[in-house]
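Structure record follows, encoded as structure tokens.
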Amino acid sequence: MNITVFLGAPGSGKGTQAKRLAESKKFIHLSTGDRLREAMQKGDDLGKRAKIFVDRGELVPDSIMIDLIDDCLTKFPLQARVLLDGFPRTLAQAKALDNNPATRVERAINFVVPEEALVARLTGRRICEKCGEPFHVEFVPPRKDNVCDKCGGKLYQRADDKREVVTKRLEVYRNLTEPLLSYYQSGNKLAELNGNKPAEVIQQDLTRLLNGKY
Ligand code: AP5
Ligand code: MG
């Protein structure tokens, strides 16, 4: 299974771009954050265990995340091209992915966005409660207030997009996830993407990058 990892801080646009790319049907988009939120909404065992960490802006323990991703990946066809959005987030998760005989990480794309922009993006983000499409009150506004352009669902604000939790998530990112940049760099798999442009322009840059024409 061919894996492209989307790396980048919270709010750097991983989900926005992964959802757009997955519309082409050439990729399967797997977001661990979306999976955890589904589980939390259902209130199942995974959801209950994850909620304690997610609400505080901390990472869910590696053992839970590695089992979750293994379980998801085994359901995909072996020839699938998968966009992993939000996994791996620690060195232990990256190593587990590399040790999975069914997967091969082709590249890791780092979405680079300055911290001030990240905070503004996260605190203004709204998500569709039905289809998960992300919007932003200022940067990516829906055509009708609080209504999803795609499916008509209601928009809500993620509990972890409150300012205090955002600060914690950015700190956790710097401490635990940023070291993955050198991990993928040393494996010659890292590509940097300027994520501080309009979403449509990034989409074009990303398409070129994924087609190897950069
Ligand atoms: P997760 O849901 O993965 O959150 P995250 O990494 O913090 O990333 P975000 O979803 O907040 O940002 P994004 O990069 O997808 O940005 P988006 O496209 O939405 O994880 C949530 C939690 O789950 C974690 O904190 C952790 O607790 C747990 N978890 C998940 N995976 C885990 C793992 N592997 N291990 C352990 N724990 C895990 O865009 C953000 C906003 O900006 C939107 O409003 C959007 O409309 C707007 N926007 C997007 N692009 C642009 C642009 N180009 N210009 C202007 N605005 C833009
Ligand atoms: Mg996301």
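The values are calculated or read from the model by the stated rules, or taken from the named source; none is laboratory data. Small disclaimer: the values here were computed from a predicted structure and weren't measured. All Cβ positions, even for glycine, are placed from backbone atoms using ideal geometry, and neighbour counts span all protein chains on display. Ligands, DNA and RNA are stripped out before the accessible areas are found, and what is left, the full protein with its side chains, is counted by its heavy atoms. Shrake-Rupley method; radii C 1.70, N 1.55, O 1.52, S 1.80 Å.
Going by the alpha-carbon gyration tensor, a ≥ b ≥ c the square roots of its eigenvalues, is the stretch 134-214 rounded (a/c under 1.5) or, if a/c is not under 1.5, prolate (a/b greater than b/c) versus oblate? Taking the square roots of the gyration eigenvalues as a ≥ b ≥ c, the stretch 134-214 is oblate.
Prolate is the label for the stretch 107-162. Its Cα gyration tensor axes, ordered a ≥ b ≥ c, give a/c of at least 1.5 and a/b above b/c. Remark: relative contact order (the chain) = 29 percent; criterion is Cα-Cα distance under 8 angstrom and separation of 6 or more residues.
Reported to the nearest whole Å, the Cα centre-to-centre distance from the stretch 55-109 to the stretch 115-131 is 24.
If you roll a 1.4 angstrom probe over the protein chains with everything in place, what fraction of the accessible area of the stretch 149-214 belongs to carbon and sulfur, to the nearest %? List each step's numbers first, then the result.
Values: 1870 of 3940 Å².
For the stretch 149-214, the apolar C and S fraction of the accessible surface comes to 48 percent.
Computed over the stretch 1-62, relative contact order equals 14 percent, with contacts defined as Cα pairs under 8 Å that lie 6+ residues apart.
A simple charge model with +1 on the Cβ of Lys and Arg, -1 on the Cβ of Asp and Glu and nothing else charged puts the dipole of the stretch 18-99 at about 320 debye relative to its Cα centre.
Measure off, as a whole percent, the carbon and sulfur share of the 1.4 Å-probe accessible area of the stretch 1-113, all protein chains present.
On the way: 2680 of 5110 Å².
Within the stretch 1-113, the accessible surface is 52 percent carbon and sulfur.
Provide the per residue accessible area, probe 1.4 Å, for the chain, rounded to a whole number of square angstrom.
Values: 11140 Å² over 214 residues.
For the chain, the per-residue accessible area is 52 Å².
Taking amide H atoms as placed 1.01 Å from N in the peptide plane, the amide H of Ala80 lies under 5 Å from those of Asn2, each 5 or more residues away in sequence or on another chain. Given axes a ≥ b ≥ c from the Cα gyration tensor, I'd like to know whether the stretch 15-73 is rounded (a/c under 1.5), prolate (a/b larger than b/c) or oblate. Prolate, since a/c reaches 1.5 and a/b exceeds b/c. Here the chain carries DSSP beta bridges of which approximately 30% are antiparallel, counting only pairs with both residues inside. For the chain, the Kirkwood hydrodynamic radius from C-alpha pairs, put into Stokes-Einstein at 10 °C and a viscosity of 1.306 mPa s, yields a diffusion coefficient of 90 µm² per second.
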